[in-house]
Amino acid sequence: MILKVVKYGNPVLRKKGAKIDSITPAVKKLIADMFDTMYDARGIGLAAQQVGEALQLTVLDVREVVDRPSTLEINGKPTDVKEFMPLVLINPELIPSGKTVAGPEGCLSFPEIFADISRPEMVDVVALNEKGEKIEFRAGGLLARAIQHENDHLNGLLFIDRMESDTKADLQPDLDELQAATKSALKKK
């Protein structure tokens with residue numbers, strides 16, 4: 001089922017997600033619905049906060065992006081990213097590494113707003129998958145960027161919090177307009 005993606009200005013986007021203790025039927029349904037929603041919106045990642053649920057849960061799939069490569073290592077060995085997708089991360093813990101690189105980012109909660117964001121080029125991840133199994137891997141390239149972006153959502157951070165101040169200043173009128181529209185829509189409910 002396709003869920004509504006909440007937009008900037010909705011307070012749930014600033015909430016730190018609660019840990020998920022068990023993979024219940026409700027969590028499984030949420031995961032399936034989040035994938036449906038992400039694919040429908042043509043996204044590569046979606047955090048639970050973006051569909052109104054403050055949980056430590058994100059879904060990702062970078063298979064369709066061919067112009068921004070991703071890397072993946074499991075137990076120190078290179079692995080085909082496509083074989084690891086789609087990806088569910090529950091209660092993820094990240095250790096960023098490598099040099100910081102700038103790259104373009106957008107966000108489904110910020111339609112039509114894009115900016116270069118600086119992030120570490122690699123990230124080590126420990127999380128649970130959709131079966132509740134522990135997974136560990138190192139990601140690079142677009143996958144590392146997407147994981148860090150989604151993990152920020154799980155902690156109530158948004159990509160605008162990581163923008164250079166002059167970039168954010170340039171986008172401020174668009175951000176203010178989006179936030180006002182979202183708050184107005186919330187008041188009408």
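The residue pairs whose first member lies in the range 111-126 and is of a type in the set (D, E, K, R), whose second member is loosely packed, with under 14 Cβ neighbours inside 10 Å, and whose beta carbons are closer than 6 Å, counting only pairs six or more residues apart or on different chains, are Asp116/Ala102; Asp116/Pro104; Glu121/Gly98; Glu121/Lys99; Asp124/Ile95.
Out of curiosity, is Met34 touching an Asp or Glu at 6+ places or on another chain (Cβ under 7 Å) and free of Cβ contacts under 8 Å to residues at least 40 places away in the same chain? Steps first, please.
Working: touching an Asp or Glu at 6+ places or on another chain (Cβ under 7 Å): no; free of Cβ contacts under 8 Å to residues at least 40 places away in the same chain: yes.
Spelling it out, it is not the case that Met34 is touching an Asp or Glu at 6+ places or on another chain (Cβ under 7 Å) and free of Cβ contacts under 8 Å to residues at least 40 places away in the same chain.
What about Met85, is it touching a residue at least 24 places away in the same chain (Cβ under 8 Å), more than 26 Å from Glu177 (Cβ to Cβ) and in contact with a Lys or Arg (Cβ under 8 Å, 6 or more places away or on another chain)? Taking the combined requirement at face value, the residue satisfies it.
Residues of the range 4-34 that are among the hydrophobic types (A, V, I, L, M, F, W, C), surrounded by fewer than 19 Cβ atoms within 10 Å (Cβ to Cβ) and out of contact with any strand residue (DSSP E or B) (no Cβ under 8 Å at 6 or more places or on another chain): Val12, Ala26, Ala32. Evaluate the range 36-57: report whether one residue or more is among the hydroxyl-bearing types (Ser, Thr, Tyr), within 25 Å of Gly156 (Cβ to Cβ) and surrounded by 20 or more Cβ atoms within 10 Å (Cβ to Cβ). Yes: one or more hits.
Read the figures in this text as sums done on the coordinates, not as results from a lab. Computed from a prediction, not measured in an experiment: that's the story for all the values here. Neighbour counts are summed over all protein chains in view; Cβ atoms, including those assigned to glycine, are modelled from backbone coordinates with ideal geometry.
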